[in-house]
Amino acid sequence: MKIKYLAAVLSAVLFCAPLFAMDLEEHDVRGVKPTDNISSLEFNPSLTVLDDGQGTSISNMTVKYYYSFGDMFSVGTEVPFARFESPADSVNGLGDVLLSASGVKKFGKFAMGAVTEFTVPTATKDELGIGKLQFSPSLYGYYEIIPQIFVSAGYKHYVSLMGDSSRDNINMGRIRSVVAYLSRHNWWLLADNQYFIDYRNNNANEYIMEVEAGIMLYDEMSLYIKPGWHMGGNRKTKDWSLSFGVKLLSL
């Protein structure tokens, strides 16, 4: 099991690292700011190690499509094809599909945005989904310090509306902050801090940090890698994760 995890990390590094050394034409970084309302198609393979000691993990190949209506509004969907692995069992199938609608209003260097998401219980196996119709509204603020650096922060709430009565209900919040540097030479770096609070379980909490590095290959195509770690808290949903993806813009 550990060999598989190491292979995933090395493959992603070997896949992405040479691109940063390529002599590419300069392209503006697009599709990274939360205010970038751009139609896109994304292919996002990921590995989440739920418990390294127990050898449990879930792998996803998620296809994401977002369509923008001008500079303010967009809708989208994310469809994951998943595999759950443990020493006792392994299953493959469709995960829970996400539906999204968002809007953003800019005020010079400031911006405010709202996102409404529904997670639909489409998973073909219990291990691949939450078994509930989940409603997840969120609000965020954005500030551009200089053209190359921005910060954003927001709150997202997760609540289950209906579904399998044998599965746990959901009532959870997430406080998120992001700081990013967008280079003038094709690439970007981003730190994504996420603090979760489970209101149903005595406010159990978890702090997760993810770091993203990406590069623009062309004006309409980018590539990124994003590792993440459980950093603390008395609630633990994973040990670590790794995802990378290819995003096609302005479709």
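The values are calculated or read from the model by the stated rules, or taken from the named source; none is laboratory data. Quantities reported herein were computed from a predicted structural model and do not represent experimental measurements. Positions of Cβ are generated from backbone atoms using ideal geometry, with glycine treated the same way; all protein chains shown enter the neighbour counts.
Here residue 123 meets each of (1) closer than 16 Å to residue 191 by Cβ; (2) surrounded by 14 or more Cβ atoms within 10 Å (Cβ to Cβ) with one exception, condition (1). Residue pairs whose Cβ atoms lie under 6 Å apart, sitting 6 or more positions apart in sequence or on different chains, and linking a residue in segment 179-199 that is among the aliphatic types (A, V, I, L, M) to a partner that is in a loop (DSSP other than H, G, I, E, B), are 182/29; 182/148; 197/203. Among the conditions (1) crowded, with 16+ Cβ neighbours inside 10 Å; (2) among the hydrophobic types (A, V, I, L, M, F, W, C); (3) out of contact with any helix residue (DSSP H, G or I) (no Cβ under 6 Å at 6 or more places or on another chain), the only one that residue 82 does not satisfy is (3).
For residues in segment 221-237 being crowded, with 17+ Cβ neighbours inside 10 Å and of a type in the set (Gly, Ala, Ser), which is nearest to residue 41 (Cα to Cα)? Across segment 221-237, the extreme among qualifying residues is 222. Name the residue that is farthest from the chain's Cα centre (by Cα), counting only residues in segment 70-88 that are farther than 19 Å from residue 118 by Cα and touching a residue at least 24 places away in the same chain (Cβ under 8 Å). Per the criteria, the residue is 87. The set of residues in segment 95-112 that are crowded, with 19+ Cβ neighbours inside 10 Å, under 17 Å from the mean Cα position of the chain (by Cα) and not polar (S, T, N, Q) comprises 95, 96, 98. Inspection of segment 145-164 identifies at least one residue that is of a type outside the set (Ser, Thr, Tyr), in contact (Cβ under 8 Å) with a residue 40 or more places away in the chain and outside any strand (DSSP E or B). Do the conditions hold for residue 182, that is, is it of a type outside the set (Asp, Glu), touching an Asp or Glu at 6+ places or on another chain (Cβ under 8 Å) and within 18 Å of residue 224 (Cα to Cα)? In short, no.
Select, from 195, 224, the only residue that is touching a Lys or Arg at 6+ places or on another chain (Cβ under 8 Å), part of a strand (DSSP E or B) and within 19 Å of residue 172 (Cβ to Cβ).
195
Just to be sure, is residue 136 touching a residue at least 24 places away in the same chain (Cβ under 8 Å), surrounded by 15 or more Cβ atoms within 10 Å (Cβ to Cβ) and touching a Ser or Thr at 6+ places or on another chain (Cβ under 8 Å)? Criteria not met by residue 136.
Inspect all residues belonging to segment 89-98 and state whether any of them is among the polar types (S, T, N, Q), assigned to a strand (DSSP E or B) and in contact (Cβ under 8 Å) with a residue 60 or more places away in the chain. Taking every residue of segment 89-98 in turn, none turns out to be among the polar types (S, T, N, Q), assigned to a strand (DSSP E or B) and in contact (Cβ under 8 Å) with a residue 60 or more places away in the chain.
Listed here are the residues, each with its yes/no results for (1) buried (at least 16 other Cβ atoms within 10 Å of the Cβ); (2) at pLDDT 95 or above; (3) under 30 Å from residue 26 (Cβ atoms); (4) acidic (Asp, Glu).
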| position | (1), (2), (3), (4) |
| --- | --- |
| 155 | no, yes, no, no |
| 176 | yes, yes, no, no |
| 180 | yes, yes, yes, no |
| 196 | yes, yes, no, no |
| 219 | no, no, yes, yes |
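Among the conditions (1) touching an Asp or Glu at 6+ places or on another chain (Cβ under 6 Å); (2) assigned to a strand (DSSP E or B); (3) not aliphatic (A, V, I, L, M), residue 207 misses just one, which is (1).
If you go through segment 1-49 one residue at a time, how many are part of a strand (DSSP E or B) and at pLDDT below 95?
Result for segment 1-49: 0.
Could you give every pair whose Cβ atoms fall below 6 Å, whose first residue belongs to segment 101-130 and is within 21 Å of residue 46 (Cβ to Cβ), and whose second residue is assigned to a strand (DSSP E or B) and hydroxyl-bearing (Ser, Thr, Tyr), counting only separations of at least 6 or pairs across chains? That search, which allows pairs on different chains as well, returns 115/102; 115/138; 117/100; 117/136.
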